[in-house]
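The values are calculated or read from the model by the stated rules, or taken from the named source; none is laboratory data. Please read these numbers as outputs of a predicted model, since none were measured by experiment. Every residue, glycine as well, gets a Cβ built from its backbone with ideal geometry; the counts of neighbours run over all protein chains shown.
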Amino acid sequence: MQKTTLVWFRRNLRLADNAVLRAAAQEGLPLAAVFVFDRPSENDNPRQTEFLYRSLQPLHQDLGRLGIPLFVERGDAAEQIAACAARLNAAAVWADESAAPDGRACDNRTWRLLDAAGVRFERANDRNVFAKNEIMGNYGSPIADFESYRQAWLRAFEQRFGGFRSAETCGFSCAETRYARFQTAFAALPPFPERSALGITETDLAQTGGEAAAWQLWQDFEPMAADYALLRAFAAKKYTAQLGPYLSAGCISPRMLAVQAAQKQAHSWLDNLILRDFYHQQLFHFPPSDLGWAAECSAGDLARWQQGQTGFPLIDAAMRCLNAGGWLHPLLRQAVAEFWCGMLGGSWQHGAAWFARCQTDYDEAVNIGNWRTAAKQGGKSDRRRLVRQAQQLDPDGTFVRRHLPELAHLPKNWIHTPWLAGLDIDCHGYPPPMV
Ligand SMILES: Cc1cc2nc3c(=O)[nH]c(=O)nc-3n(C[C@H](O)[C@H](O)[C@H](O)COP(=O)(O)OP(=O)(O)OC[C@H]3O[C@@H](n4cnc5c(N)ncnc54)[C@H](O)[C@@H]3O)c2cc1C
């Protein structure tokens, strides 16, 4: 069989501005592609698995149109990649690089297996605007605080992308024509596997997944992007981009989004992408020494927080919203995380582990980064501050009523403080505040 270049898709499930695909194509050999669902782990997240499966379907078709077969496998990633490289006679494997300790350990094992078989293993940055070593401080040391990182990021962004008037002129687009000249080495393209063949159970999900759906969401959000700082205050409404799962799976390029956001003067929204880059480089340069460790906590407290039974309506509504749909408004994620770490004194690792199972947009670096921040800020939490926050984020109680049917009948003045209603109003078994 003719030599090939194997593209290992991980969290870059797109054609547009795919640096890995571009670099692999430049090798000049026919391309083949593979995606591996890792073995189910303790933190298995069925929603994200379903989202990835749904996003792989259109990618399989898009690559197929270019004559590039996409094989979808399940198992130990390093072993599957090595086996696939041998089967497809790959001279090199290209993959998007991961900042997370598990991802890097997997990369090391993959590299060892491929090296033993004489196959090159190459990586490129497709998850972030800037790769983990591109924004560094004085004397090449990593930057530890966000504001300094943000300033350095904006300078680097201006240098690299500032002269471009649109995403098209950045050379991001035209993915299809870029790869079209490569002839396939395969007589027939593999069919897209059924869920059952991969050991996946179909899960209810609001999102369709895939590159086209991601761009549609961006188009819907774009007119509001410049007003993000104002609109984000309404936690009961979906005035944020809703792109989390798509960015985490890499269905849409963060580089292209950053250029478009900058052109729209959507500076607050762009800050989110900078923070995302920051947390990725943080996890790479400063992995928490207590990552796999968590302080003992009361199983009862943890269960009440997880299931939305703490007696604080905004916190409970938020946790039930997350559990039911896998998505939560950014300010509410912050509120529940600070509540767990600050008011309940829980360790961030327990909270992060629950989020890792629930969030459709779960991203290890972003999750850990935000939980470490919440653990630092949670100390300021107290009951009065929480009630004030609830009244600001959900002034008329719409969000609480939507997710806590047992409190739906409460008037506005009691919706965030049902314990003040005393015996006058039946709260249908809703618990009193646990702290
Ligand atoms: C404790 C905690 C855990 C979190 N875990 C995750 C996670 O696993 N995966 C994840 O994608 N986001 C996580 N976030 C960040 C944020 O809450 C979500 O990205 C956001 O709610 C997704 O909704 P959206 O796409 O509408 O976001 P928008 O508000 O429209 O923001 C656009 C994008 O910017 C990025 N972004 C936004 N806020 C942050 C942030 N605080 N840190 C880093 N990047 C950000 C995300 O990629 C997001 O999709 C977490 C936040 C907290 C407080």
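Structure notes:
- The number of residues in the range 339-359 that are more than 9 Å from the ligand (Cβ to nearest atom), polar (S, T, N, Q) and over 16 Å from Pro101 (Cβ atoms) comes to 1.
- Qualifying position, being of a type in the set (S, T, N, Q) and on the phi > 0 side of the Ramachandran plot, among Gln307, Gln265, Gln281: Gln265
- Given (1) of a type outside the set (Asp, Glu); (2) free of Cβ contacts under 8 Å to residues at least 40 places away in the same chain; (3) over 17 Å from Gln309 (Cα atoms); (4) part of a loop (DSSP other than H, G, I, E, B), index of the condition His428 fails: (3)
- Cβ pairs under 9 Å, 6+ apart, first in the range 127-150 and more than 13 Å from Leu273 (Cβ to Cβ) and among the acidic types (Asp, Glu), second modelled with pLDDT of 95 or more and in a loop (DSSP other than H, G, I, E, B): Glu134/Asn125; Glu134/Asn128
- Verdict on Thr201 being polar (S, T, N, Q) and modelled with pLDDT under 95: yes
- Scope the range 106-116; condition within 20 Å of Arg39 (Cβ to Cβ) and out of contact with any helix residue (DSSP H, G or I) (no Cβ under 9 Å at 6 or more places or on another chain); matching residues: none
- Out of Leu273, Leu230, Leu291, one residue alone is modelled with pLDDT of 95 or more and among the hydrophobic types (A, V, I, L, M, F, W, C). It is Leu273.
- Scanning the range 229-246 for residues that are closer than 26 Å to Ala356 by Cα and near the ligand (Cβ under 10 Å from one of its atoms) returns Arg232, Lys238, Tyr239, Thr240, Ala241, Gln242, Leu243, Gly244, Pro245, Tyr246.
- Filter pass, Gly250 being away from the ligand (no atom under 15 Å from the Cβ), crowded, with 22+ Cβ neighbours inside 10 Å and touching a residue at least 60 places away in the same chain (Cβ under 8 Å): no
Here's the yes/no breakdown for (1) at pLDDT 95 or above; (2) of a type in the set (Ser, Thr, Tyr):
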| site | (1), (2) |
| --- | --- |
| Gly378 | no, no |
| Ser381 | no, yes |
| Ala390 | yes, no |
| Gly397 | yes, no |
| Leu410 | no, no |
| Asn413 | no, no |
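- At least 1 residues being under 30 Å from Gln349 (Cβ atoms) is the threshold, and among the helices (runs of 4 or more DSSP H) wholly inside the range 193-289 those reaching it are 244-249, 254-263, 267-285.
- Among the conditions (1) surrounded by fewer than 18 Cβ atoms within 10 Å (Cβ to Cβ); (2) out of contact with any Asp or Glu (no Cβ under 8 Å at 6 or more places or on another chain), Lys264 misses just one, which is (2).
- Residue in the range 57-68 that is of a type in the set (Gly, Ala, Ser), in contact with a helix residue (DSSP H, G or I) (Cβ under 7 Å, 6 or more places away or on another chain), touching a residue at least 40 places away in the same chain (Cβ under 8 Å) and not in a strand (DSSP E or B) present: no
- Residue pairs whose Cβ atoms lie under 8 Å apart, sitting 6 or more positions apart in sequence or on different chains, and linking a residue in the range 96-122 that is over 26 Å from Pro288 (Cα atoms) to a partner that is hydroxyl-bearing (Ser, Thr, Tyr), are Phe121/Thr110.
- Yes/no for Asp277 being under 24 Å from Asn45 (Cα atoms), in contact (Cβ under 8 Å) with a residue 12 or more places away in the chain and touching a Leu at 6+ places or on another chain (Cβ under 8 Å): no
Conditions (1) away from the ligand (no atom under 16 Å from the Cβ); (2) more than 18 Å from Gln334 (Cβ to Cβ), marked per residue:
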{"residue": "Trp371", "(1), (2)": "no, no"}
{"residue": "Ala375", "(1), (2)": "no, no"}
{"residue": "Gly378", "(1), (2)": "no, no"}
{"residue": "Ala390", "(1), (2)": "yes, no"}
{"residue": "Leu404", "(1), (2)": "yes, yes"}
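- Segments classed as helices (runs of 4 or more DSSP H), wholly inside the range 302-420, with at least 1 members that are over 21 Å from Gln48 (Cα atoms) and of a type in the set (Phe, Trp, Tyr): 348-358, 398-403
- The range 209-237, residues that are free of Cβ contacts under 8 Å to residues at least 24 places away in the same chain and under 19 Å from the mean Cα position of the chain (by Cα): Gln216, Phe221
This table checks each residue for (1) crowded, with 20+ Cβ neighbours inside 10 Å; (2) in contact (Cβ under 8 Å) with a residue 12 or more places away in the chain; (3) within 11 Å of the ligand (Cβ to nearest atom); (4) within 30 Å of Phe130 (Cβ to Cβ).
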| residue | (1), (2), (3), (4) |
| --- | --- |
| Leu283 | yes, yes, no, yes |
| Ala295 | no, yes, no, no |
| Ala303 | no, no, no, no |
| Ala317 | yes, yes, no, no |
| Trp327 | yes, yes, yes, yes |
| Pro330 | no, yes, yes, yes |
| Ala337 | yes, yes, yes, yes |
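- Filtering Leu114, Leu52, Leu66 for residues that are within 24 Å of Leu198 (Cβ to Cβ) and modelled with pLDDT under 95 leaves a single hit, Leu66.
- The residues on offer are Arg276, Arg195, and the sole one that is among the basic types (Lys, Arg), farther than 30 Å from Arg401 by Cα and under 19 Å from the mean Cα position of the chain (by Cα) is Arg276.
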